[in-house]
Amino acid sequence: MEKGYPRKVALKGGAQVVLRPLEGGDEEALHRFFSGLPPEATEFLRDDVRDRQTIARWVQERDPSRIWVLLALDEARAIVGNASLHVGRGWRRHVGEVRVVVSPALQRHRLASALVHELVNQASVRSLKKLEAQILDVQEGAHRVFERFGFREEARLRGHALDLHNKPHDLLVLTSTVDDLWKKMEDLIEDLDFVPAH
Ligand SMILES: CC(C)(COP(=O)(O)OP(=O)(O)OC[C@H]1O[C@@H](n2cnc3c(N)ncnc32)[C@H](O)[C@@H]1OP(=O)(O)O)[C@@H](O)C(=O)NCCC(=O)NCCS
């Protein structure tokens, strides 16, 4: 297990989760997490997360140096949150992309804040300078969440994305520097209690 993990977090409202990186053998729990999400949470995500083979590939071909995946597990060890940092290559080698999904039952408890805080920390350890989040025009809730984290809309690519039903959408690229995000995220997780878990 990577240094610093697993980590236990008491969320806003008191629920406790354990954060740890993705491991071999997580396929089934991850499939259960994504297939338990409502359609409105999954239909605008980039990949078809309901597809068992897609999930199996993520786990089996995982390469934390390129895509670092952090999971949140509840007391029954079910996955309740998934976040990932995608490290750029070539001329984007100082840029990372963040993605995050939280189970509806735990939304508004600052779980995404805790997960993205850890991604920003990881980005800093890897000397990344800038982070981006890509969302579709219809993901208004996610847009507000990322703005709350400190991201700003930097580009809108018109009709650049097709959802799972082949409907075109504008793709929004939200960005921030790692330094600015770090300050914002520290404020957001101020009331959460992070402790080592064994
Ligand atoms: C976006 C998402 C990850 C947010 O998860 P979350 O754990 O509920 O977020 P947090 O509790 O950390 O929210 C942090 C702050 O963002 C704001 N916020 C959260 N959800 C919001 C919403 N639906 N609308 C407006 N603001 C919102 C609030 O200010 C919140 O803090 P507060 O509730 O203490 O005031 C979750 O809604 C989700 O999984 N959506 C579906 C997947 C998705 O769209 N992912 C983004 C694409 S990468």
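The values are calculated or read from the model by the stated rules, or taken from the named source; none is laboratory data. Since we're looking at a predicted model, the values are computed, not measured. Quick reminder, even Gly has a Cβ in these numbers, built from the backbone with ideal geometry, and neighbours come from all protein chains shown.
Brief remarks follow.
- Residue in region 36-47 that is small (Gly, Ala, Ser) and closer than 27 Å to Ala161 by Cβ present: yes
- Residue within region 73-84 that is over 22 Å from Leu164 (Cα atoms), in a helix (DSSP H, G or I) and of a type in the set (D, E, K, R) present: no
- Checking each residue in region 140-155 for being crowded, with 19+ Cβ neighbours inside 10 Å, in contact (Cβ under 8 Å) with a residue 12 or more places away in the chain and either farther than 21 Å from Val95 by Cβ or within 10 Å of the ligand (Cβ to nearest atom) (or both) picks out Val145, Phe146, Phe149.
- For region 69-111, a tally of residues being out of contact with any Asp or Glu (no Cβ under 7 Å at 6 or more places or on another chain), away from the ligand (no atom under 15 Å from the Cβ) and not charged (D, E, K, R) returns 7.
Yes or no, residue by residue, for (1) surrounded by 13 or more Cβ atoms within 10 Å (Cβ to Cβ); (2) modelled with pLDDT under 95; (3) more than 16 Å from Leu22 (Cα to Cα):
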site	(1), (2), (3)
Val49	yes, yes, no
Ile67	yes, no, no
Leu71	yes, no, no
Gly81	yes, no, no
Ser84	yes, no, no
Gly88	yes, no, yes
Trp91	no, no, yes
Val95	yes, no, yes
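- Single unsatisfied condition, Lys183 versus (1) in contact (Cβ under 8 Å) with a residue 40 or more places away in the chain; (2) within 26 Å of Pro6 (Cα to Cα); (3) not in a strand (DSSP E or B); (4) not aliphatic (A, V, I, L, M): (1)
- If you filter region 162-174 down to residues that are assigned to a strand (DSSP E or B) and surrounded by fewer than 14 Cβ atoms within 10 Å (Cβ to Cβ), you find that the one that is nearest to the ligand (Cβ to nearest atom) is Leu162.
- Taking every residue in region 70-85 that is over 12 Å from Arg7 (Cα atoms) and pairing it with any residue that is among the aromatic types (Phe, Trp, Tyr) and in a strand (DSSP E or B), at least 6 positions away or on another chain, the pairs with Cβ-Cβ distances below 6 Å are Leu85/Trp68.
- Within this structure, Gly159 fails the test of being in contact (Cβ under 8 Å) with a residue 24 or more places away in the chain and assigned to a strand (DSSP E or B).
- Search result, residues across region 107-139 that are surrounded by 19 or more Cβ atoms within 10 Å (Cβ to Cβ) and assigned to a helix (DSSP H, G or I): Leu111, Ala112, Ser113, Ala114, Leu115, Val116, His117, Glu118, Leu119, Val120, Gln122, Ala123
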